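**Student:** One structure follows; several queries about it will come next.
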Amino acid sequence: MKPIRADTVLAMFSDHVRDAAMTAVIFGFFATVWFGWAQENPPPSWRRLLVAGTAIAGLTAAGGLARALLHWSDGTVFDDATGRAFGIVVGVEFAAAAIGAGVLAATGRARWTPVWIAFVVGVHLFPVAVILEYPAIHVVAALVTAASLVAIPVARARSLTPSAVVGAGSGASLTLGAVFSLVAALVVS
């Protein structure tokens with residue numbers, strides 16, 4: 001097995017400290033939201049892990065914010081075109097999440113709403129990674145999407161609430177991305 005080259009790892013980072021730091025903030029914040037959703041009715045043995053995940057995600061978001069503020073006037077990938085493309089992707093994400101949640105509620109399947117929203121979030125991160133020129137976001141996108149795809153069969157097979165399964169998986173995936181992004185913000189100059 002060949003060792004992983006440093007330039008390969010560095011290619012996964014954002015080119016801009018501020019962008020990596022803000023990714024840590026956003027992923028960390030939303031990881032706390034997903035861990036919170038997971039606490040709807042998880043197995044008792046999960047509670048400590050969910051609380052620990054929430055704390056790690058929150059601290060990572062705070063660290064990202066501190067780093068972002070120190071480098072706010074540095075470069076960023078965002079310009080008018082990037083901002084517009086990002087806004088469109090996020091708008092489509094919100095619309096798809098809302099429409100799907102409405103359909104699930106109208107058809108008596110509201111318990112699957114967190115699974116749908118995680119799927120939409122995961123899929124929307126693929127174009128976000130391209131727009132932000134931040135390849136590591138593809139990994140987070142794949143992990144969140146995978147968490148959504150396995151949530152229903154796992155929840156059914158283990159008699160768990162879908163929110164616990166998808167919340168834990170999405171929270172862990174976003175925390176991983178937040179920690180990676182904070183490290184990137186600390187080492188990329």
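**Student:** Restricting to segment 149-167, give me the number of residues that are among the small types (G, A, S) and surrounded by 24 or more Cβ atoms within 10 Å (Cβ to Cβ).
**Tutor:** Residues of segment 149-167 among the small types (G, A, S): 151, 155, 157, 159, 163-164, 167.
Still in the running and surrounded by 24 or more Cβ atoms within 10 Å (Cβ to Cβ): 151, 163, 167.
Total satisfying the criteria: 3.
**Student:** Can you name the condition, by its number, that G171 falls short on among (1) surrounded by 18 or more Cβ atoms within 10 Å (Cβ to Cβ); (2) farther than 28 Å from W46 by Cβ?
**Tutor:** Of (1) surrounded by 18 or more Cβ atoms within 10 Å (Cβ to Cβ); (2) farther than 28 Å from W46 by Cβ, only one is false for G171: (2).
**Student:** Quick one: A62 ticks every box in (1) modelled with pLDDT under 95; (2) within 19 Å of the chain's Cα centre (by Cα) except a single one, so which number is it?
**Tutor:** Only one criterion in (1) modelled with pLDDT under 95; (2) within 19 Å of the chain's Cα centre (by Cα) is unmet by A62, namely (1).
**Student:** I would also like to ask the following. List pairs: first residue in segment 59-80 and in contact (Cβ under 8 Å) with a residue 60 or more places away in the chain and farther than 15 Å from S181 by Cα, second residue among the small types (G, A, S) and surrounded by 14 or more Cβ atoms within 10 Å (Cβ to Cβ) anywhere in the structure, Cβ distance under 6 angstrom, at least six positions apart or on different chains.
**Tutor:** Going by the 6 Å Cβ cut-off, there are no qualifying pairs.
**Student:** Find the residue count for segment 4-38, including only residues that are in a helix (DSSP H, G or I), modelled with pLDDT under 90 and under 18 Å from the mean Cα position of the chain (by Cα).
**Tutor:** Residues of segment 4-38 that are in a helix (DSSP H, G or I), as a first pass: 6-10, 17-38.
With the extra rule that they be modelled with pLDDT under 90, the set shrinks to 6-10, 17.
Those still in the list that are under 18 Å from the mean Cα position of the chain (by Cα) too: none.
So the count comes out to 0.
**Student:** Among the residues in segment 162-169, are any out of contact with any Leu (no Cβ under 9 Å at 6 or more places or on another chain), closer than 29 Å to H16 by Cβ and in a helix (DSSP H, G or I)?
**Tutor:** Residues of segment 162-169 out of contact with any Leu (no Cβ under 9 Å at 6 or more places or on another chain): 162-163, 165-166.
This time we only want the ones that are closer than 29 Å to H16 by Cβ, so: none.
No; the residues of segment 162-169 include none that is out of contact with any Leu (no Cβ under 9 Å at 6 or more places or on another chain), closer than 29 Å to H16 by Cβ and in a helix (DSSP H, G or I).
**Student:** Considering only residues that are part of a helix (DSSP H, G or I), of a type in the set (F, W, Y) and buried (at least 17 other Cβ atoms within 10 Å of the Cβ), look in segment 91-136 and name the one that is nearest to the chain's Cα centre (by Cα). Give the derivation first.
**Tutor:** Step one: list which residues in segment 91-136 are part of a helix (DSSP H, G or I), which gives 91-106, 110-131, 136.
Subsequent filtering for residues that are of a type in the set (F, W, Y) retains 94, 112, 116, 119, 126.
Still in the running and buried (at least 17 other Cβ atoms within 10 Å of the Cβ): 112, 116, 119.
Numbers: W112: 19, W116: 14, F119: 11 Å.
Step by step, filter segment 91-136, then rank; the result is F119.
The values are calculated or read from the model by the stated rules, or taken from the named source; none is laboratory data. Note that this is a predicted model, so its numbers are computed, not measured. Methodologically, a virtual Cβ is constructed for each residue, glycine included, from the backbone with ideal geometry; neighbour enumeration extends over all protein chains shown.
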